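Enquirer: One structure coming up, written as structure tokens, with questions to follow.
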Amino acid sequence: MMDRAPVDAVLDAFHAAAASADEEAYAGTLAASMVFLGTAPGERWQGSEWREFVHSYFSRGKGWSYVPSSRSVEVAEDGLTAWFDETVTNEHYGACRGTGVLRRSDDGWKIEQYNLTIPVPDELAPELVARTRELTRPAPSG
């Protein structure tokens, strides 16, 4: 089994840098072409697009805090790819789930993809789906 400690360290640094709005440290955890999938349907940010979004907040000293409480990490047998899922807590959104992929290169482990979701209990799913459809339904023409 491959050592997951370096992957944990990158993910912990990613969250710590976001919480302190440390743009340089945050960027140091990301692969150049990384993808960030946010909680809203249209939030798919890639590479420099994500970095520009982050800069618009961090340059004003505004970060965000997602505190990990549990994490599962798997490292491929060749030691070059890792995937994870974690439970993170945010003051505004409560318990969320982060999932993603890291790749090891000569520069160390870098986040290739991070997907932030808000888990929805199955009992609430029908109501949430109905409300989402109402919000995303095209306006009548005429």
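The values are calculated or read from the model by the stated rules, or taken from the named source; none is laboratory data. On a predicted model such as this, the values are computed, not experimentally measured, just so you know. Heads up, the Cβs are rebuilt from the backbone with ideal geometry, glycines too, and the neighbour counts pull from every protein chain shown.
Matching residues to (1) in contact with a Gly (Cβ under 9 Å, 6 or more places away or on another chain); (2) of a type in the set (Val, Ile, Thr); (3) exposed (fewer than 12 other Cβ atoms within 10 Å of the Cβ); (4) closer than 19 Å to Asp107 by Cα:
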site	(1), (2), (3), (4)
Tyr26	yes, no, no, yes
Trp45	yes, no, no, no
Phe58	no, no, no, no
Ser65	no, no, no, no
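Enquirer: Separate question: Could you tell me whether region 95-102 includes any residue that is of a type in the set (Gly, Ala, Ser), under 22 Å from Arg4 (Cβ atoms) and in contact (Cβ under 8 Å) with a residue 12 or more places away in the chain? Outline the logic, then answer.
Expert: Kept after step one, since they are of a type in the set (Gly, Ala, Ser), are these residues of region 95-102: 95, 98, 100.
Next, from what is left, pick out any that are under 22 Å from Arg4 (Cβ atoms): 98, 100.
If we keep only those that are in contact (Cβ under 8 Å) with a residue 12 or more places away in the chain too, we end up with 98, 100.
Yes, there is a match, as at least one residue in region 95-102 is of a type in the set (Gly, Ala, Ser), under 22 Å from Arg4 (Cβ atoms) and in contact (Cβ under 8 Å) with a residue 12 or more places away in the chain.
Enquirer: All but one of (1) farther than 14 Å from Tyr114 by Cα; (2) modelled with pLDDT of 95 or more hold for Gly42; which doesn't?
Expert: (2)
Enquirer: Moving on to the next point. State all residues of region 75-116 that are within 22 Å of Ser33 (Cβ to Cβ) and surrounded by fewer than 14 Cβ atoms within 10 Å (Cβ to Cβ); if no residue qualifies, say none.
Expert: Ala76, Asp78, Gly79, Leu80, Ser105, Asp106, Asp107, Gly108
Enquirer: Can I ask one more? So the check is Cβ under 9 Å with 6+ separation or different chains; which pairs have a first residue in region 1-24 that's under 25 Å from Glu52 (Cβ atoms) and a second one that's of a type in the set (Lys, Arg) and part of a loop (DSSP other than H, G, I, E, B)?
Expert: Here the result reads Ala21/Arg60; Ala21/Lys62, each pair linking region 1-24 to a residue that is of a type in the set (Lys, Arg) and part of a loop (DSSP other than H, G, I, E, B).
Table: residues versus (1) touching a residue at least 24 places away in the same chain (Cβ under 8 Å); (2) touching a strand residue (DSSP E or B) at 6+ places or on another chain (Cβ under 7 Å).
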residue	(1), (2)
Ala31	yes, yes
Phe36	yes, yes
Pro41	yes, no
Glu49	no, no
Lys62	yes, no
